[in-house]
1. Within region 46-69, which residues are hydrophobic (A, V, I, L, M, F, W, C), closer than 19 Å to residue 14 by Cβ and open to solvent by 50 Å² or more (accessible area, probe 1.4 Å)?
2. What pairs come out if I take residues in region 6-30 that are within 14 Å of residue 64 (Cβ to Cβ) and open to solvent by 90 Å² or more (accessible area, probe 1.4 Å) and pair them with residues that are of a type in the set (A, V, I, L, M, F, W, C) and at pLDDT 90 or above whose C-beta lies under 8 Å away, six or more apart or interchain?
3. Quick one: count up the residues across region 31-45 that are closer than 18 Å to residue 71 by Cβ and among the aromatic types (Phe, Trp, Tyr).
4. Looking at region 38-65 only, could you name the residues that are modelled with pLDDT of 90 or more and assigned to a strand (DSSP E or B)?
Amino acid sequence: MMEGCQGAARLRTPTWEEKKCPRCGNMIEIFSCDSQMACEKCGFVIYNDQLSCVKWCPKAKECVGEEMYNMLMQVGEKQKGRQKETA
């Protein structure tokens, strides 16, 4: 992953974050390079917030790499489907 926007040339070290599972309250560890992570206790899947800029940025594929880009776009499609179901 590259530091900053517009395909900056420096690679960035992935960051680590803990999020609370909305289903069971267990803490879920997720790295910035992970697109999603399942709760070890109940299996609920949380998604990484990184997806937001990947949806619109013309340099996204170059920035995060083709494999990560494709994975994030698949996650975005799943999220769209869920939003339509709840609307």
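The values are calculated or read from the model by the stated rules, or taken from the named source; none is laboratory data. Keep in mind that what you see is a predicted model, and the values were worked out from it rather than measured. FYI the Cβ positions are ideal-geometry reconstructions off the backbone, even for glycines, and counts take in every protein chain you see. Heavy atoms of the whole protein, side chains included, go into the accessibility calculation; ligands, DNA and RNA do not. Shrake-Rupley method; radii C 1.70, N 1.55, O 1.52, S 1.80 Å.
1. Looking only at region 46-69, we keep the residues that are hydrophobic (A, V, I, L, M, F, W, C), and these are 46, 51, 53-54, 56-57, 60, 63-64, 68.
Now drop any that are not closer than 19 Å to residue 14 by Cβ, which leaves 46, 51, 53-54, 57, 60, 63-64, 68.
Of everything in region 46-69, just one residue is hydrophobic (A, V, I, L, M, F, W, C), closer than 19 Å to residue 14 by Cβ and open to solvent by 50 Å² or more (accessible area, probe 1.4 Å), namely 53.
2. none
3. The number of residues fulfilling the criteria is 1.
4. 38, the sole residue that qualifies.
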